[in-house]
Amino acid sequence: MGIIWILIIGFIAGGIARAVVPGKDPMPWWQTIVLGVVGALVGNVIAWLIPGGETELLNPRGSGFIHSIIGAVVVLLIWRRVRRN
């Protein structure tokens, strides 16, 4: 069940990141999931590195979900920058 939650959270976080970051970004649904999953990992690792930070990657209502969205936005911005060059 953990893998299914990661994919669902990844899809939602990736979709929100694509909606929040301005600009055209043609990307298939599976790349949105990958963007969200990688973003979730990045966001939660950053939160874990902050002293006193807490992470709950598999909690769709907790801080882990917010970290996932922030991480997905960061990953999307980096992806666009790399792809442009």
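Listed here are the residues, each with its yes/no results for (1) farther than 18 Å from ILE8 by Cβ; (2) at pLDDT 80 or above; (3) out of contact with any strand residue (DSSP E or B) (no Cβ under 6 Å at 6 or more places or on another chain); (4) of a type outside the set (A, V, I, L, M).
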residue: TRP48; (1), (2), (3), (4): yes, no, yes, yes
residue: GLY53; (1), (2), (3), (4): yes, no, yes, yes
residue: LEU58; (1), (2), (3), (4): no, no, yes, no
residue: GLY62; (1), (2), (3), (4): no, no, yes, yes
residue: ILE66; (1), (2), (3), (4): no, yes, yes, no
residue: ILE69; (1), (2), (3), (4): no, yes, yes, no
residue: VAL74; (1), (2), (3), (4): yes, yes, yes, no
residue: ILE78; (1), (2), (3), (4): yes, yes, yes, no
residue: ARG83; (1), (2), (3), (4): yes, yes, yes, yes
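For ILE9, the stated conditions do not hold, so it cannot be described as hydrophobic (A, V, I, L, M, F, W, C), more than 18 Å from ARG83 (Cα to Cα) and free of Cβ contacts under 8 Å to residues at least 24 places away in the same chain. Of all residues in region 1-52, those that are buried (at least 18 other Cβ atoms within 10 Å of the Cβ) and either among the hydroxyl-bearing types (Ser, Thr, Tyr) or outside any helix (DSSP H, G or I) (or both) total 1.
The values are calculated or read from the model by the stated rules, or taken from the named source; none is laboratory data. Just so we're clear, the structure is a prediction, and the values are computed from it rather than from any experiment. Here the Cβ is made from the backbone with ideal geometry for all residues, glycine too, and neighbour counts use every protein chain on show.
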